[in-house]
Each structure stands twice: as C-alpha cells, then as structure tokens.
Amino acid sequence: MAKRRRVWNRAKYEEYLRAGRGQGVGAAYLPWITVQSFSSSGTVSRVYGYKAQRVHHFLSRNELYYFYLLEWSDRVLDIREQFPLLDVELATNIASGAGIKYPRDNVSGFPYILTCDFMITTHNGLQARTIKSSKDLGNRRTLEKLEIERRYWKECNVEWCIVTENEIPIEKARHIEWIHTANELPAFLADPEFREEMLNQLTLQPLPHASKLFDERHGFPIGSGLQIVKHLLWTKQILLVESDPAPMEVCI
C-alpha cells in the first residue's frame with residue numbers, strides 16, 4: 001500500500017507554530033521535524049540528552065554521532081536539533097536574490113520550512129551546523145538549499161557551517177555513545193566508596209579483571225563494576241583518551 005501524501009500548506013504551517021515546534025530552549029524546545037515526520041534514508045533515532053533534559057530526534061547516523069560529541073563537550077550549553085528557518089519571508093527573499101528556486105509544496109504552493117540540523121548554544125553564543133554526507137555536496141539542488149541556509153544565518157548573525165563524516169571523529173563518538181547511559185548509577189551502585197574502590201583497582205590491574213573482581217567481591221550482577229567505570233568516564237573522573245582531538249575543534 002502506498003503511503004498517504006503528507007499535506008503541507010499555510011494551515012499546516014500555522015498548526016506547527018501553535019504546537020510550539022521550533023520554539024523554546026532546553027527541555028521546552030520542540031524540534032520542527034521529528035522521527036515520525038518524514039521518511040529518512042538514514043537511521044532515525046530518539047535519544048535522551050542530559051544537557052537539554054529531553055528526548056532528541058535524529059534522522060541519520062551522522063546526526064546521532066555529532067550529537068554525542070556535543071553532549072560530551074564542556075563548551076556546549078544547549079542542543080536544538082531540526083531547527084527551522086522560521087522567517088519565511090527572509091528565506092524566500094534570499095532565494096530570489098540568489099536566483100534559486102525556493103522549495104514549495106507541489107499542490108498548495110506554500111513554501112517549505114528549511115531546517116538546520118543543529119542550533120547549538122555555547123559559551124561564545126549560537127552556532128548553526130548542518131550535517132551532510134560528503135557525496136551529497138556534489139548535488140546542485142542540495143548546494144542551492146545550502147546556499148539559502150548560509151545566507152539566512154549570515155543575515156541572522158549566527159555562525160554556520162557544514163559538517164560531513166570527514167569532520168566527525170566516529171570512533172570518539174561511538175565511545176561516548178557507549179558511556180552515555182551511565183550518567184546515573186542504579187541505587188545499589190551509588191555509594192561513593194564503590195567509585196573510589198574502582199578507581200583504586202584500575203591503578204593496579206586491567207579493566208576486565210578489576211570489574212570482575214569488584215562484582216565477585218560484592219556479589220553484584222556481572223557488569224556492575226563496568227557500569228561504575230562507564231559512569232566515571234562519563235562524569236570525567238577518568239579521562240577519555242583521544243588519539244586525535246583536532247577534528248572536534250572543526251565540528252564545534
């Protein structure tokens with residue numbers, strides 16, 4: 001069965017605005033697009049973020065990887081994904097001035113709202129970031145939309161750039177993904193003495209042995225010691241060694 005066509009017109013646009021999409025900060029922010037909104041050729045996912053204290057929506061694996069880098073960075077204060085270019089008049093005027101056909105719904109003729117993958121609040125202000133596969137940058141229509149976006153954020157005095165898989169340290173992002181769930185420990189592991197014990201054990205023996213010994217000593221489920229280590233890494237009580245931290249500077 002074919003999918004039902006999604007309606008886009010002024011009424012739908014105003015409905016989105018009334019719902020608060022693309023508005024708010026922190027936990028109050030609602031992305032303009034959610035994983036239910038459109039089909040994606042990538043891997044869609046929803047992940048809880050500790051900085052914003054809410055569930056984030058990502059439409060590709062690279063968006064997810066980039067999110068983990070932002071979550072890890074001490075320079076990032078807030079993360080708003082699928083952030084809309086809400087000033088439609090400004091966006092369409094920019095397109096017209098650049099000789100670019102602005103994307104509109106084929107039936108209603110109403111202009112679509114372009115979105116930036118990430119609007120990041122940092123200690124130095126706002127930064128807009130668009131995640132693209134490097135192979136997509138050879139597509140003329142993609143480049144036209146990116147040019148609209150570039151000029152839009154320039155008019156808004158917001159720093160903007162494109163991030164491809166070449167600028168994302170994937171291995172680091174996967175490491176952060178692995179420890180991300182250990183922000184809080186279960187009650188039975190919350191005793192600060194357990195964390196101190198694991199820190200001491202790690203100075204004496206490799207992680208697998210230290211974790212196994214901890215579990216056996218306390219009669220805890222297998223993996224309890226490892227969970228503490230992940231928590232220590234996430235809270236940066238143990239340093240996450242980076243073989244090449246330079247790409248992170250490019251990303252943010």
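The values are calculated or read from the model by the stated rules, or taken from the named source; none is laboratory data. Treat the numbers as computed from the prediction; the structure is a model and nothing was measured. Note: ideal-geometry Cβ built from the backbone for every residue, glycine included; neighbour counts use all protein chains shown.
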Evaluation of residue 111 against (1) without any contact (Cβ under 8 Å) to a residue 40 or more places away in the chain; (2) in contact with a Phe, Trp or Tyr (Cβ under 7 Å, 6 or more places away or on another chain); (3) closer than 21 Å to residue 43 by Cα (one fails), failing number:
(3)
For region 141-193, which positions are among the aromatic types (Phe, Trp, Tyr) and buried (at least 18 other Cβ atoms within 10 Å of the Cβ)?
152, 153, 160
With respect to residue 65, determine if the residue is crowded, with 17+ Cβ neighbours inside 10 Å, in contact with a Lys or Arg (Cβ under 8 Å, 6 or more places away or on another chain) and either farther than 20 Å from residue 153 by Cα or not hydroxyl-bearing (Ser, Thr, Tyr) (or both).
yes
Looking at (1) under 23 Å from residue 73 (Cβ atoms); (2) of a type in the set (A, V, I, L, M, F, W, C); (3) surrounded by 14 or more Cβ atoms within 10 Å (Cβ to Cβ), which one does residue 210 not meet, given that it meets all the others?
(1)
Could you name every one of the helices (runs of 4 or more DSSP H) located completely within region 168-252 that has at least 1 residues being modelled with pLDDT of 95 or more and within 26 Å of the chain's Cα centre (by Cα)?
170-179, 224-234
Looking at residue 66, is it under 29 Å from residue 233 (Cβ atoms), modelled with pLDDT of 95 or more and of a type outside the set (Lys, Arg)?
yes
Specify the residue that is farthest from residue 34 (Cα to Cα); the eligible residues are those in region 107-140 that are of a type in the set (A, V, I, L, M) and surrounded by 14 or more Cβ atoms within 10 Å (Cβ to Cβ).
126
Among the residues of region 105-113, is there at least one that is of a type in the set (Phe, Trp, Tyr) and more than 13 Å from residue 80 (Cα to Cα)?
yes
